[in-house]
Amino acid sequence: MVDNRWYNAHTTGADSLWAGVPAVALQGRGLASRASGSFLAALGLGYTVAPSWKAYEDLICSLASTPERLQLLRRRLLDARSDAPFFDLEGLARAQERLVHGMWRAHEASPASGPKMHIIAARART
C-alpha cells in the first residue's frame, strides 16, 4: 500500500496491515497524516516511513523492484498478528475497560463542585 501524505488510510490501513499488505508512508505533520507512520512504527516497520518526498519515491521504487523484500515484509506482518501489541484487540478492550472503571472511580470519589480530574491513559513503553 502506498499511502498518501495528507490523509492516511487509518482503519483501512490497519486492516491492510492485518491482511499482510506492506505499506509505505510519508512522514506527515498533522494527526490525519501521521496514522500510517504510527501504525508502522508500532509494528517495528518505522523504516518504511519516509522522511522526505525523495526517500518516499526511492523506497517505493526499491520495494517495487525487489519482490523478495516485499515478501519478507508481508511475512513479517502476517507473523505479527499473533504477538504484536498493535494487533492485540482483546488487550486493547481490557485496557479500555480499566480506563472506564478508573474514570468512574475518580468521578465517584470527587465532590460535584470540586476540580475536574484528568486521567492519564497512556502506558509506559517497554
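The values are calculated or read from the model by the stated rules, or taken from the named source; none is laboratory data. Just so it is clear, the structure is predicted and the values come from calculations on it, not from any experiment. Side chains are part of the model used for accessible areas, which takes the heavy atoms of the whole protein and leaves out ligands, DNA and RNA. Shrake-Rupley method; radii C 1.70, N 1.55, O 1.52, S 1.80 Å.
How large is ³J(HN,Hα), in whole Hz, for each residue of segment 13-18 in order, when computed from phi with the Karplus curve 6.51 cos²θ - 1.76 cosθ + 1.60 and θ = phi - 60°, using x for Gly and Pro?
Result, ordered by residue: x, 4, 5, 5, 5, 4 Hz.
Taking a probe of 1.4 angstrom, what is the accessible area of LEU78 in Å², to the nearest 10?
Here the accessible area works out near 40 Å².
Amide H to amide H under 5 Å from ALA50: which residues, 5+ apart in sequence or cross-chain, H placed 1.01 Å off N in plane?
Correct list: ALA25, LEU26, GLN27.
Expected output is a single nm value to one decimal: the length gained when fully extending between SER110 and ALA84, i.e. 0.36 nm times separation in residues minus the C-alpha distance. What is it?
5.6 nm
Could you give each residue of segment 35-46 its phi-based ³J(HN,Hα) in whole Hz, using Karplus coefficients 6.51, -1.76, 1.60 with θ = phi - 60°, and x for Gly or Pro?
So the Karplus estimates, Gly and Pro as x, are 4, 4, x, 5, 4, 5, 5, 5, 9, x, 10, x Hz.
Please give the contour-minus-distance gain from ARG76 to ARG98: 0.36 nm per residue of separation, less the Cα-Cα distance, rounded to one decimal in nm.
Contour length minus the Cα-Cα distance gives 4.8 nm.
What percent does the relative contact order of the chain come to when contacts are Cα pairs within less than 8 Å and at least six residues apart?
This gives 21 percent for the chain.
Among (1) 11.5; (2) 9.7; (3) 11.9, which one is mean projected area of the Cα convex hull in nm² computed from these coordinates?
Only one listed value fits the structure, namely (2).
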